[in-house]
Each structure stands twice: as structure tokens, then as C-alpha cells.
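Since the structure comes first, as C-alpha cells, the remarks are kept for the end.
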Amino acid sequence: MDDVVGADPFMQEVLGLAAPPGLTVDVYTVDDALQVLSNTPSRSTTMVLMKTPQTARRLYDGGLHYNALNIGGIGNAPGRKNIFKNISASREEIDILTDLMAKGVEITLLTVPGEKSKAFSDLAGKV
Amino acid sequence: MKVNRKQVSTAMVLSIVLMLASVAIVKAAPVAQEEDTTLSLFQALIVGVFYYFAMSPWFANLGFTVLYRPLIAGTLVGLVMGRVGEGVAIGANINVLYLGWISAGGSLPGDPGLAGYLGTALVLGGGLDIDAALAVAAPLGLLGGLTWSLRMSVCSIIPHWADRYAEEGNIKGVARSNYIYSQPFLFLIYAVPVMLAAYLGSQAVGSALNWIAANAIWVMNGLFAASGMLAALGIALNLKFLLRGNVWPYFFVGFMITSLAGGNVNLLVLAIIGACIAYIHVLFTEGIGEAGPAAPGKKARKAQGPLTRQDVFKAWVRWLCFSHSTYNWERMQGMGFAHSMTPIIEKLYTKKEDISAALKRHLVFFNTQPDVGSIIHGAVIAMEEERASGAEISDDAINAVKTGLMGPMAGIGDTVQQGIIIPITLAIGMSIATGGNVGTATTGNILGPLFYIVSMAILIWGLGWLLWWQGYQQGRVAVTNILKSGTLNKVIVGAGVLGNFIMGALVVSFVSLSTALAFNIGGTAFHLQDVFNSFMPNLLPLLLVLLIWWLLAKKNVSPTLIMIVIIAVGILGSIPIWPGLNEAGEAIRVGLFG
């Protein structure tokens, strides 16, 4: 879910085509995603992908109280600091994650499946 | 637009020549004079330099995809020591463990290069039997993770230097910071430790072996047994990706054919049979003749800028070589991207602030699969050209193409390159190298590694340039055009069939496991292995592979743990405390494995 990609048919097509066979990809803007996820809970396993902690916050504040969140990668950009492997975050993003953690969301950092994941709580004090 | 084919081919040939030249230098270098089995300091240095080469940008992306593979590493170390045949066989043996090895998203799960270079040097230099190579090399591969983190962290400093050059609009400076500054550091952390470890380690291995031979010969048997079983781990790791969907029966077909042939099949022939089966499978399930609906917009864009094919090619060569030369946690391939754009920026922009802005625009975080991802660069070059010609294209638009496509292209690229092209080509090269008998061959055929080098050069360069040029000509729609054509899907399905088929065959030629357990029942000799053989030849190797596959795929057991358990079981199981029979049929104590 992403407001930009949710309005970009080209990127939606690319994401759909790039997914491994057997997976369906639906792209929504954040508001639409909130609607869909809260009103029509799917019985199949669904993976919710977001680009930024800001979106994760909007989802949580919008009433979808998930209890686990994995960070797979946040690219470095001006204002963001490298925190773990290829994951970077800005002050604001770290604060959002810390806040979500305080609300009981278990936050992990895992960039590639199969590796050992790192708990955000181990990093929280240091970044 | 005139195509300078000469330049294209010169660059390609140059890379091969460079590689062959290094082989020639090594051949001309003094080989061990005193004893056959010692490794001189000079030879150790060359081994270290080769390991650095494998991680370096100097071979047009054939470093990581070719030199880094144990098959090639073993061959090169064999050349250094004047024992090519053995080197090829050892390399192929070690490579079994890394057939399913994938490095994605900047992770390095084990280090095939280190296992290959150092492992072969220790086995050859220490005078160890080839059959035991894998048990020595496998733990070495785990050490590579240490240098990897160091490299990724330290190289995170360099982008900040490049930022300063970009500020000044210094194109050459940005390029230099990508391809030069990291290299002395990489040389230091790769070549030097491997040189010392190869030199000192081979002496240590040599004296340890002497001690074992004198005091605990069963440890040797343990190393053989462990090596034969570790091959099963290598195959199971591959099966974790291959053994799914409706193509799994081909694994058993490949196994049975090879098993019936007594394990002595020419794997190139088998690969051709497999390819035919794959074609038939795709024909029946996907329909090869039916083309999808003609993709719109496939026509080339009208050339509207000052860029020539030569400029686009120059940019590609920079990417091909230097995409990872300053790979780091902070920006990943960001510097490689900026470097590849330098010929384009130089041609398109003349004002200092435009140059500076363009450099900064491309120095940001970027990470994709370098060959398949080149379609992104092509599209970005087209956007830059339009922008320089006056079109309204914002920084955001260019960034959106880069960040939007890099993930999907990485996923597809890693599946195609690391999941299909490399393992299948390697498996064929390894089989040619060992005549289909990896575990037991004591001398290898140099044609195997040569087959791999040449095939990879053609596939990697061909695919990379093709996509780069398509990206430039069609713009970003090239991505959807190519994905929608359906060809890619057919290739993936077909490769799944071929991959399963070959893995089945490899179980027979790579994995060895048999038992020496025997009992004397009422005066009749009863060998347990005979019972297994009467069910099915190679039953134990097959069961072992399936067991490890189940642990990996269904129980999420880590490969490292499995590796440690295998080595422990191999060595401890070889302690002669088990019931067995000697040739005369009298009861003796034996190790578990026969």
C-alpha cells in the first residue's frame, strides 16, 4: 500500500508481473487499503507491504492494530541514518517505530528470508 | 546510428584475454620445486590475489559470477601449484555444496570463493586426499561472512567523498571514488588473509594429517564420509527452490536414469536429454508456439537526443564492471549507478550546476540484480536524454523509475541469474570436469571450467546488454513488454524441469553414502549395504538428500547446523566400534560408513 504506487497503473502492472506465480498482488492507496483490510478480511494469508514507517503508523492509527511488523529494507536518503545492514531511518521514522513498539507491536529487522532477524528493541536505545 | 561492433567485441575479448593472461602468468611462474605437496609463499600470494580478483570489479562481472565459484577457484589454484587436474576435481567437489548458493539483497550466506580458493590450497598444499576436500572446505566458507560485514561497513565511508566531488561537478572524481578508492582496501582484506591462511594453513593441515595417519586413521575415513554426505546438503539447498509445483517428478526421473546407468553417465548428454524433456513439458503445459498478444509500444523510440549507441554502450560497460566495486550498506550500488551514468552526464550536460545535480541525483541508494536490472539504467538514460533536450522530467520522476523498478527487477534477476543460469551451467561444467563422477574422480578435465567461463561470458554479457539497450530504446515500458511476452515464464518453467532433472542425476554422481555394517547370522555373512542395493542402487544417497531437503524446506533448520551435524556424524560415526565382517567373514569392529 502506497499513495503514489496506488495511483500509478504502470507500477501496479510491474509489481503484478514480478510476483512469483501463485501470488496475487493488489495495490491500494493507504486509505483504500485500510478500508479493504478492515472490512473484507481475507481468509488466505496476506502479506501487507509498505514503503515507510509513516505508512505503518497511518495503518495502525487507522484502526488496524497489527501486532508484528518486519522491516525488510529502507533505502538511505538525505536525513536518514544507516541503522542496520541496508536499513536506514530518519529521526522521525525511528520515533514512529519506537512509538509503535511502545504500543505493543513487535518490530523486527530482517532483510533476507532465512537469516536471523534482529529485534528493533535491541537497537532502539542506540539510534 | 553507427554501431561500433569492434568496440563491443574488443571489450569482451579484453576481459577473456585478461583472465587467460592471468592463467598464463601463473603457468609461467615457478611451480613447487622441492616437494609436490608444499605451497610456497609466492604461490600462496597468487591464491590470495585470485580470491581478491573474484571479489573485484576487473573482470566485467565475471569476477563474482565466474572466478568466485569453487569450480574455477579450484582450477586456478591447481594451475598455481602445477596440478591442474587435481585442482579441477577438488574445485568441482567443493562446488557441490554451493550449487544452490544465492546472495540476494546484500547478504552473503557462506562464502564459496573462500571455500574454493583456501579449501583447494589447503587440500593440495596439505597433501589431503581429494575425496575429503569438502569436509575441510565447508567450514572455511562460513568465515567469509566476517570480511563481508567489514567490507560493507567500511565502504559506506566512500559515498561521502563522492558526494563532495558531485558538489563540485567533478565527473571524473565521482567515477574514481567508485572504481579506485575501495580497491586497495578490498585487496588488503581479501588477498592478504587468504595468502597467510593458505601458506600457514597448508603446513598445519600437512602436519595434522601426518599425526592422524599415525594415530587415528579413522578420522580420515570420517572426513571422506562427511564429504560424501555434505554433497547431499548442497543438492538439497538447490532443491529447496526447485522441488515444488508440478515439476518435481523430473528430479526422480533424472535420479533413476543416472542410477540405472550405474552412475557413469556423461552429464552433458544427460543435460541435453533434460533440455529436450523441458521443451516438451513447456510445449504441453504452456504452448510454445502461441505468442502472447503483441505488446504495444514495442517500436523503438524516435531518437531525439545527442546520445549515440556508443555512449549508451560506454555507460553499460561501466556498470557491468563496477556495479559492486564500492558496494556498501549505506547506498548499496548507488555509486555504481552514478559511475555508469558518467559518460551520459558528460555528453548531455555542460553547465556545472547541471552536472552537479545529475551526479547527486544518481549517487543515492540503489540496489538491484546487475544483469536483469540493466533495463532500469537503459530507461533512466532515455529519461536523462529527454530531460537534457528540454522535456519536463523531474528528479522525482527519474527517482520513481529507479526505486520502483529496482526491487521487482532484483527479484526476477536473482531468480533467473543466481537461481537458474548459474546453477545449471555450473552443474554441467562440473560434470564435464569430472566425467560425471565428482566424488571419486582424482583428476579433472579442464574443459569443464572452460565451458563454464565461456557460457557465462556469453549469457551474462548478452543478457545484460540486450536488456540495457531495450530499456534505452523503449523506456520503462520495456519492463512490462518483456514480462508480458510470456517468454520469461516459459524459460523459468523449463529451467525448473531441467534443474530438477539434473539435480536428480547429481545425487548419484555427487553424493556418497554407504554402510559397512555387517553381521554373521548363523554362519552366513549379512551385509546391510547389500540389502539396500537389492532395493535400489543409491537408495541411501537419495534418502539422505530427501531428508535434508525436508529439514531445510519444511522444518526451517539452518544449513549451518546441518553442516555441523553432518561433519560430526561423519567423523564420530567412523570410530570403529560397530559390528562388521572382514573378508574372511569373521566379526570385527568397523566404522558406520563403508
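Do we have B:MET383 as of a type in the set (A, V, I, L, M), in contact with a strand residue (DSSP E or B) (Cβ under 8 Å, 6 or more places away or on another chain) and within 14 Å of another protein chain (Cβ to nearest Cβ) here? When the stated conditions are applied, B:MET383 does not pass them. For region B:396-430, filtered to residues that are away from every other protein chain (no Cβ under 12 Å) and touching a Lys or Arg at 6+ places or on another chain (Cβ under 8 Å), the residue that is surrounded by the fewest Cβ atoms within 10 Å (Cβ to Cβ) is B:ILE398.
For B:LEU114, the stated conditions hold: it is within 19 Å of the chain's Cα centre (by Cα) and buried (at least 16 other Cβ atoms within 10 Å of the Cβ). Put simply, of A:ARG43, A:ARG57 the only residue that is at pLDDT 90 or above and more than 10 Å from every other protein chain (Cβ to nearest Cβ) is A:ARG57.
Just so you know, in region A:59-82 the residues that are among the hydrophobic types (A, V, I, L, M, F, W, C) and surrounded by fewer than 18 Cβ atoms within 10 Å (Cβ to Cβ) include one that is farthest from the chain's Cα centre (by Cα), and it is A:ALA77.
The sole residue among B:ILE72, B:ILE90 that is away from chain A (no Cβ under 14 Å), more than 24 Å from B:GLN183 (Cβ to Cβ) and hydrophobic (A, V, I, L, M, F, W, C) is B:ILE90. Report yes if B:THR326 is within 20 Å of the chain's Cα centre (by Cα) and either within 14 Å of chain A (Cβ to nearest Cβ) or in contact (Cβ under 8 Å) with a residue 12 or more places away in the chain (or both), otherwise no. In short, yes. With respect to the stated conditions, A:VAL4 is hydrophobic (A, V, I, L, M, F, W, C) and either buried (at least 19 other Cβ atoms within 10 Å of the Cβ) or touching a helix residue (DSSP H, G or I) at 6+ places or on another chain (Cβ under 8 Å) (or both). Kindly provide the set of residues from region A:83-127 that are over 15 Å from the mean Cα position of the chain (by Cα), among the polar types (S, T, N, Q) and in a helix (DSSP H, G or I), ordered by number. Correct list: A:SER121 only. Checked against (1) surrounded by fewer than 24 Cβ atoms within 10 Å (Cβ to Cβ); (2) farther than 21 Å from B:TYR181 by Cα, B:VAL49 meets all criteria but (2).
Please verify whether region B:462-479 includes one or more residues that are within 30 Å of A:ALA7 (Cα to Cα), of a type in the set (Val, Ile, Thr), in contact (Cβ under 8 Å) with a residue 24 or more places away in the chain and within 14 Å of chain A (Cβ to nearest Cβ). The answer is yes; a qualifying residue exists. Of the residues contained in region B:86-103, none is found to be touching a helix residue (DSSP H, G or I) at 6+ places or on another chain (Cβ under 7 Å), at pLDDT 95 or above and of a type in the set (S, T, N, Q). Take the conditions (1) in contact with a strand residue (DSSP E or B) (Cβ under 7 Å, 6 or more places away or on another chain); (2) at positive phi; B:LYS402 misses just one of them, which is (2).
One line per residue, one yes/no per condition, for (1) closer than 24 Å to B:SER107 by Cα; (2) among the aromatic types (Phe, Trp, Tyr); (3) out of contact with any His (no Cβ under 7 Å at 6 or more places or on another chain); (4) assigned to a helix (DSSP H, G or I):
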| residue | (1), (2), (3), (4) |
| --- | --- |
| B:GLN417 | yes, no, yes, yes |
| B:LEU426 | yes, no, yes, yes |
| B:ALA433 | no, no, yes, yes |
| B:TRP461 | yes, yes, yes, yes |
| B:LEU483 | no, no, yes, yes |
| B:LEU488 | no, no, yes, yes |
| B:PHE501 | no, yes, yes, yes |
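Among the residues of region A:26-37, are any within 14 Å of chain B (Cβ to nearest Cβ) and surrounded by 14 or more Cβ atoms within 10 Å (Cβ to Cβ)? There is at least one residue in region A:26-37 that is within 14 Å of chain B (Cβ to nearest Cβ) and surrounded by 14 or more Cβ atoms within 10 Å (Cβ to Cβ).
In region B:397-420, what residues are of a type in the set (Val, Ile, Thr) and touching a residue at least 40 places away in the same chain (Cβ under 8 Å)?
B:VAL401, B:ILE412, B:THR415, B:VAL416, B:ILE420
Of all the criteria given as (1) over 22 Å from B:VAL416 (Cα atoms); (2) surrounded by fewer than 20 Cβ atoms within 10 Å (Cβ to Cβ), the one not satisfied by B:VAL545 is (2). Only one of the numbered conditions (1) modelled with pLDDT under 95; (2) under 14 Å from B:ARG476 (Cα atoms); (3) within 14 Å of chain A (Cβ to nearest Cβ) is violated by B:ILE376, and that is (1). What single numbered condition from (1) under 29 Å from B:LEU506 (Cβ atoms); (2) in contact (Cβ under 8 Å) with a residue 40 or more places away in the chain; (3) outside any helix (DSSP H, G or I) fails to hold for B:SER156? Of everything listed in (1) under 29 Å from B:LEU506 (Cβ atoms); (2) in contact (Cβ under 8 Å) with a residue 40 or more places away in the chain; (3) outside any helix (DSSP H, G or I), B:SER156 misses just condition (1).
The values are calculated or read from the model by the stated rules, or taken from the named source; none is laboratory data. If you're wondering where the values come from, they're calculated on a predicted model, not measured in any experiment. Virtual Cβ from ideal backbone geometry, glycine too; neighbours counted across all protein chains shown.
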